[in-house]
2 protein chains.
Amino acid sequence: MANDPRASYDLLSGIVSDSGDLKGDIVSDALSDVIMQSLAYLGQKQSRLLTCDDPQKEYFSFTSGKHKSRPVNKLLFSPADAAKYSPRVLNCDLTSIEKDVLERTLYTMAVAYCAVADLLGKGSDKKTPGTFFEVLIGHLVGRMFGVNPKNSIEVQSLDISGSLPTDFTFDLGPGRNKIHMPVKTSTRERVIQVWAHQRVIDGVFGVGRFKGILVCLAETNAKPGFGVTEVCLPGQWTIYQMFIAQLHRVYYFDVPKKYAELASAYPFIQVKTFASFFSEAETLAKAAPFS
Amino acid sequence: MANDPRASYDLLSGIVSDSGDLKGDIVSDALSDVIMQSLAYLGQKQSRLLTCDDPQKEYFSFTSGKHKSRPVNKLLFSPADAAKYSPRVLNCDLTSIEKDVLERTLYTMAVAYCAVADLLGKGSDKKTPGTFFEVLIGHLVGRMFGVNPKNSIEVQSLDISGSLPTDFTFDLGPGRNKIHMPVKTSTRERVIQVWAHQRVIDGVFGVGRFKGILVCLAETNAKPGFGVTEVCLPGQWTIYQMFIAQLHRVYYFDVPKKYAELASAYPFIQVKTFASFFSEAETLAKAAPFS
């Protein structure tokens, strides 16, 4: 095991590209190393509570000299749960893990390396947290479905053919749904791309052939000083869902309240905690009439 | 007249927000100041030819110490034409200006301040060139159509109402087309947003009600050292035009060859020089059956 979380990250990165098997055991082990190294590193750091707009949520940042990490959700961050349960979670063996424990374990696994990269990269490392998060999701979802994702789809239409780069797509086999799964640590103004890609896929392959499932870490944004706010645009999402395409699920590791509320009114965008993915994976995979 | 192009830019910026009349004479004068100050500043700078992938195009960068400007198209950059014709162009009085002269004048007017901001901002000023370009387009198109643009559209649908932030929209009045006009100095991977916004507008107001017209400066990208390349994704554009929405025109000040070729094969994306806008503005405004 390496002594620096970034060395573990580099190892993971190499293993992912060399093995070509994102769902494989060797990627599980490398992910586990990054997570454990990151938690060990963070365990030696100071932290500071942030003032939050939403009185029901508590956030803190890890600090290192004058640098601070992205906001971390205090109630969801649990190194103890991650140490105990992450090997089983990485193996998609979730028997008898309570949902709140699973939520804390998943959030801690996802955010730990991101916070490390914020500190070690002095705020300018935007790339490796995004890549780590993508590898984590690709591994967990690939392992759950038993199939590795692809990163582009071939578009064939009469005399025109081309390739559309996408985030993940999973082909679950004959008679089952296919999955289009964009993955973002946060969405901000770029999220319209997700609906636009879903629209292209619906147009090429037929509406409902690929289920669109967006997976995000959080929508927290640091404010000057030691504050935090959730940046949400539920009105925009409503318009996209009505007029561009229909996403089937949106999963967050730290669910923003304003997006969770979208599930209960037309057009009923189903925003949930990512922990729910594991319990409903079989439902997502099963081809069924629109309901 | 101020002595620093950035002071002129600040004046322009203040006038635009204070006057609320983007097409007005006072904005013409302020734009002219920025352009003339920028050309005076650039006239005192060194320049260096760039190696270009496309043997039919020549580019150079202005240099200042260790900083260099974005690539400037040598055949389209003409301070002499800009000095002579920009007052008339800013007034949309184009009588007897030859099309190649108009192209050079427009390109020089658009790129001059951007190159200045690259040098004075030491490569980190991404914002003011984009804003300047947007003001220039809003002014010229607004003046040509005799109407100022808006920056959002109201979406009303049964019991749901919201506001969609857009780039420019122009309402040309009863019985005439409306225009949806995104404006970008370059598009890169974010361009899918343009088609997605057009899709929303088509969905809300009916297909063909708003003509989608994308206006861009160029797609040139500096390469390490003193090289330049055009970054184009014509295959992606084809897929977006087929499966998301249909743009009516794409205008460039410096037309990339690979995009110009899109006009001649299905789905026939009409990519042209921005100089063409002035000669076909009346056609764009006139409501007519799909052809």
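Any idea which residue in region B:43-85 is most open to solvent (accessible area, probe 1.4 Å), counting only those that are among the basic types (Lys, Arg) and within 23 Å of the chain's Cα centre (by Cα)?
Once the filter is applied, the top-ranked residue is B:84.
Condition check: modelled with pLDDT under 95, open to solvent by less than 20 Å² (accessible area, probe 1.4 Å) and farther than 24 Å from residue B:273 by Cβ. Does residue B:206 satisfy that?
no
Working only within region B:1-31, note down all residues that are in a loop (DSSP other than H, G, I, E, B) and either of a type in the set (A, V, I, L, M, F, W, C) or open to solvent by 40 Å² or more (accessible area, probe 1.4 Å) (or both).
Residues satisfying the conditions are B:1, B:2, B:3, B:4, B:20, B:21, B:22, B:23.
Could you check residue B:126 against (1) among the basic types (Lys, Arg); (2) surrounded by fewer than 20 Cβ atoms within 10 Å (Cβ to Cβ); (3) within 21 Å of residue B:73 (Cα to Cα); (4) at pLDDT 95 or above and say which number it fails?
(4)
For the structure I just gave you, tell me whether residue A:266 is open to solvent by 30 Å² or more (accessible area, probe 1.4 Å), out of contact with any Gly (no Cβ under 7 Å at 6 or more places or on another chain) and not hydrophobic (A, V, I, L, M, F, W, C).
Taking the combined requirement at face value, the residue satisfies it.
Identify all residues within region B:32-48 that are outside any loop (DSSP other than H, G, I, E, B) and in contact with a strand residue (DSSP E or B) (Cβ under 7 Å, 6 or more places away or on another chain); write none if there are none.
Once the filter is applied, which keeps residues that are outside any loop (DSSP other than H, G, I, E, B) and in contact with a strand residue (DSSP E or B) (Cβ under 7 Å, 6 or more places away or on another chain), region B:32-48 yields B:42, B:46, B:47, B:48.
One line per residue, one yes/no per condition, for (1) out of contact with any His (no Cβ under 6 Å at 6 or more places or on another chain); (2) within 11 Å of another protein chain (Cβ to nearest Cβ); (3) in a strand (DSSP E or B); (4) surrounded by fewer than 20 Cβ atoms within 10 Å (Cβ to Cβ):
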residue	(1), (2), (3), (4)
A:115	yes, no, no, no
A:132	yes, no, no, no
A:135	yes, no, no, no
A:139	yes, no, no, no
A:142	yes, no, no, no
A:153	yes, yes, yes, no
A:164	yes, yes, yes, yes
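Output the residues belonging to region A:178-192 that are in contact with an Asp or Glu (Cβ under 9 Å, 6 or more places away or on another chain), under 12 Å from residue A:237 (Cα atoms) and buried (at least 20 other Cβ atoms within 10 Å of the Cβ).
Selection gives A:187 alone.
List the pairs whose first member sits in region A:30-59 and is touching a residue at least 60 places away in the same chain (Cβ under 8 Å), whose second member is open to solvent by 20 Å² or more (accessible area, probe 1.4 Å) and assigned to a loop (DSSP other than H, G, I, E, B), and whose Cβ atoms are under 6 Å apart, counting only residues at least 6 apart or on separate chains?
Final answer for the pair search is A:48/A:226; A:50/A:226.
Restricting to region B:101-113, name every residue that is surrounded by fewer than 24 Cβ atoms within 10 Å (Cβ to Cβ) and aliphatic (A, V, I, L, M).
Residues satisfying the conditions are B:101, B:102.
Residue A:94 fails exactly one of the following numbered conditions: (1) more than 26 Å from residue A:26 (Cβ to Cβ); (2) not in a helix (DSSP H, G or I). What is the number of that condition?
The number of the failed condition is (1).
Among the listed residues A:119, A:158, identify the single one that is away from every other protein chain (no Cβ under 14 Å), of a type in the set (A, V, I, L, M) and either within 27 Å of residue A:75 (Cα to Cα) or surrounded by fewer than 22 Cβ atoms within 10 Å (Cβ to Cβ) (or both).
A:119
Run residue B:226 past the list (1) buried (at least 21 other Cβ atoms within 10 Å of the Cβ); (2) under 28 Å from residue B:57 (Cβ atoms); (3) in contact with a strand residue (DSSP E or B) (Cβ under 9 Å, 6 or more places away or on another chain); (4) not hydroxyl-bearing (Ser, Thr, Tyr) and report the number of the one that doesn't hold.
Among (1) buried (at least 21 other Cβ atoms within 10 Å of the Cβ); (2) under 28 Å from residue B:57 (Cβ atoms); (3) in contact with a strand residue (DSSP E or B) (Cβ under 9 Å, 6 or more places away or on another chain); (4) not hydroxyl-bearing (Ser, Thr, Tyr), residue B:226 violates only (1).
The values are calculated or read from the model by the stated rules, or taken from the named source; none is laboratory data. Predicted, not measured: the structure shown is a model, and the values here were computed from it. In this analysis, Cβ positions are derived from the backbone assuming ideal geometry, glycine residues included, and neighbour counts consider all displayed protein chains. When the accessible area is computed, the model is the full protein with side chains, heavy atoms only, and any ligands, DNA or RNA have been set aside. Shrake-Rupley method; radii C 1.70, N 1.55, O 1.52, S 1.80 Å.
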